[in-house]
Structures are given as structure tokens and as C-alpha cells.
Amino acid sequence: MRVQGLVAMAVVMAGAGQAFGADTQVNWLDKSPPTMPVGVSWGVPFAQGTVQKGQMFSLKAGGNSLPVQSWPLGYWPDGSIMWEGFATVGGPEVTGPVTIGVADGQAEQKGLIVQVKQDDAGVTIDTMKLQCRILRSGANLFESMSVDGKEVAKNGRLEAIDQDGPDDPTGTAPGRTPYGSKVTKVTVEQTGPVRAVVKIEGMHMGLGPKADTQRSWLPFTVRLYFYAGQAPVRMVETTIFDGDQQKDFIKGLAFTADVPMREQSQNRHVRFANSNGGVWAEPLQLMVARGGRGQGGGNQIEGQALPNTQNPPESAEWDAFRLDQLSSEGFTLVKRTNPKSSWVGVAEGQRAAGLAFIGDTSGGLGVGLKNFWQSYPASIEIDGALTPTAHVHVWMWSPDAHA
């Protein structure tokens, strides 16, 4: 996966709830470092008078210095720091504990840093791994995301479905209106060097020729978090319901992005994390028997590239997939070949992890919804996978659930 929604690792203070002075030690929440480098943020309380405003800090683990960014979160009445926020990037080598110390001046940031460039039209974020372009207005939260110079996602936006009444058990379908996002304000809240944060504000606006395009409602705030040297982006989104509770029934709320597809269907793949640590994986078109090797020796199921062909087999090509977690006790995974065909069930289980990928052997997009099964009814949907541009929908309120 080239870009994915980040389920951030957390750190916790030894002796949480206490206030500390210099040389405070923190550790990974489960005392185990992550298996790959990841950006993390946390806060530390300090006793009154021990840390003064403007103080610089250092992070050290096992005698080695870590990149650090800090910012005040609260002050004591005497002006000293009560709470300080911290950010760093750590991987398997950071076994913990990590010592937070005071520094005489701004610590030199070695290695990768986040770069933020602003102009009249928008903001460009470069983590030295991921490049993201955010426009100050328009329908999209971001215009494009690229990893190592290759575009993996574009037109990131919000969706909402408004239903003019509750679901009717008699079968009479209430009217539904789709809405998209309209960005009204973009604010860069942090500019690095370890972490950059961009705040995006806006409203939902009607879509389609029959929609009430003049209506502006469901205000939202989205924050995008970027870390030095990292491809994953964390998104935190808040939508405020300001409609009429007697007639505005939410049928769906989603984040949606477009994913460029460059390879033939046998080299396009989907992945869904299941409930036991495994992954359900499949190419859009099987070229050989499941688990076998295709022409040229590549293992298609494992994602290895197969040669292009002008005479593909007559096996089905799958265009859409959907993972539904409509209760805490069960999920289903279905797929179909085109919008006019029925859905075919392919997997089910209890509590899905809420992570999905769509792309080809040259790259793609992974998305994850934190606390997926606890946040039911939720869904992750992929469609248009056979076209030049696939679409990923992370439904924070699934349209398959009751409005």
C-alpha cells in the first residue's frame, strides 16, 4: 500500500496523571515499538514552575536522538508550561523508554523534515515521501496525493446523502439528495519540521441536476496530519448536523477519493483486512487457478506483475467491492462485475479491521477507518475498479443502514 489512513500508535507516560519536570520518560502504550516507522503525537503535563514558556526539548532513546517538535497546550497561572504537545517519528529501533529532556536551544533536525509551501491558490505539503496539494476553495479536501512522484489519489472529498424521511418498512422509498463538500477556508496550523497540520473548513452542497444546489448545510472541519518521511496521512473529520430533525435523515456520510489505475485488469488488486489479522486479497481478473503462477512465473495472488496480454481469459472481471459492518457482531464482503449486475457474497466474519486497498502493481491507495467495527454502521466501498479511475468511499455512516 502506498498511502493509507493512519491508525496512530500512542505513547503514554509512566505514572500517568502525575505532573513531571525535566527528563520525563514516556513509552509505547503496549511497551512494544511499531513494526515500521510511524508518526506519533502525545502530551505531557509539567509541574508548576518547572518548565518555562519558550523552552526547547530533546528526545532520546537508547542514547540516540529522535526528531522532535513541541508546542504548548496549557499554562499555569504563573506563565509556566502546564501541558506540552510533542511529535516524533519512531520505528522498530525505538524500543523505549524515550526520555524527554530540556534543550539549551532549538534541536537540530537531522534527516527528513516536512516542508510546507503556501501560495494564493493553496498549500503544498512534502514529507519527502508524500506530496499533497490542497486548494483553498472548491469541492475537494485535497487535489492530489503522490508518493515518490507518482500520483496515488486525487479529488479527496466528502459525501452525504440526505433522505426526506425515515426508512419506510412498507417499501415506499423516501426521496434522497446527494451532497458533496465545498471548502470555504484552509488554515495551516503547524508547519513542521516533524509534523504539519492543515485545517480545512466548509459546508456540504447539493450535487446533480435535481439537487438543491443552493442549499448549504452540514458544516464540517477536517484536519490532515503529515509526518516527516511518512506516506500515511491521518484525517480527523467532524460534521455538525444543523438540519431539520423532522425531515432531514442522514442516509450516508463518507470520505471519497479517486485512484488512478494504470495496469491491465490482471495486474489490478484489492485487499481487505479481516477480523483475525489476515487479509482477503484478489486481482480484478484471475489469469490462473487460485494460488497458481501465471505466465512469466509471477504469483498473481501475491501481487506480482503478470505480462500484458491482448487475449485475456474469459474469467470474470470484478469492478466493485463493498465491506459492510452493520453491527458489532458481523461483517460481510461482496463484489460485482458491473453496476447492472447483482452483488456476490465472498466473505463474512465478526469484526472487520476496517482497512482496504485498491491499486495495481505500480501503486495504489489504502484507506482505514479507526475503530471500524465499534463505529458501526460503517462501510468501505470500491467501484470503477476496471476504469482508468477507481473510487474509494469510506462510509462513516453506511447507506446500507437505516437512515
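Across region 152-175, the number of residues qualifying as touching a Pro at 6+ places or on another chain (Cβ under 9 Å) and surrounded by fewer than 16 Cβ atoms within 10 Å (Cβ to Cβ) comes to 6. Taking region 179-201 as the range and being closer than 16 Å to F220 by Cα and not basic (K, R) as the test, the residues that pass are Y179, G180, S181, V183, T184, V186, T187, V198, I200, E201. N276 falls short on exactly one of the conditions (1) closer than 29 Å to W373 by Cα; (2) assigned to a strand (DSSP E or B), and that condition is (2).
Output the residues belonging to region 368-395 that are more than 14 Å from R322 (Cβ to Cβ) and within 12 Å of the chain's Cα centre (by Cα). If the condition is that a residue be more than 14 Å from R322 (Cβ to Cβ) and within 12 Å of the chain's Cα centre (by Cα), then G368, K370 are the ones that fit. Within region 176-190, the set of residues being open to solvent by 80 Å² or more (accessible area, probe 1.4 Å) and either in a loop (DSSP other than H, G, I, E, B) or of a type in the set (S, T, Y) (or both) comprises T184 only.
Counting just the residues of region 280-330 that are among the β-branched types (V, I, T) and surrounded by 13 or more Cβ atoms within 10 Å (Cβ to Cβ), which one comes out modelled with the lowest pLDDT? Going through the qualifying residues, I end up with V288.
Note on region 36-85: residues that are open to solvent by less than 30 Å² (accessible area, probe 1.4 Å), aromatic (F, W, Y) and free of Cβ contacts under 8 Å to residues at least 40 places away in the same chain amount to 1. Of all residues in region 344-367, exactly one satisfies the criterion of being of a type in the set (D, E, K, R), under 18 Å from Q325 (Cα atoms) and touching a helix residue (DSSP H, G or I) at 6+ places or on another chain (Cβ under 9 Å), namely R351. Among residues of region 124-153 that are under 21 Å from G180 (Cα atoms) and without any contact (Cβ under 8 Å) to a residue 24 or more places away in the chain, those with a Cβ under 8 angstrom from a residue that is crowded, with 22+ Cβ neighbours inside 10 Å and among the small types (G, A, S), sequence gap 6+ or separate chain, pair up as S144/A153. Return a yes/no flag: does region 377-400 have any residue that is modelled with pLDDT under 95, under 19 Å from L253 (Cα atoms) and open to solvent by less than 60 Å² (accessible area, probe 1.4 Å). No, there is no match, as no residue in region 377-400 is modelled with pLDDT under 95, under 19 Å from L253 (Cα atoms) and open to solvent by less than 60 Å² (accessible area, probe 1.4 Å). On the stretch given as region 140-151, residues that are within 13 Å of the chain's Cα centre (by Cα) and either acidic (D, E) or part of a strand (DSSP E or B) (or both) total 2.
The values are calculated or read from the model by the stated rules, or taken from the named source; none is laboratory data. The shown structure was predicted, so the numbers you read here are calculated from the model rather than taken from an experiment. Neighbour counts run over all protein chains shown; Cβ positions are idealised from the backbone, glycine included. Each accessible area value is taken on the protein alone, full model and side chains, heavy atoms only, with ligands, DNA and RNA left out. Shrake-Rupley method; radii C 1.70, N 1.55, O 1.52, S 1.80 Å.
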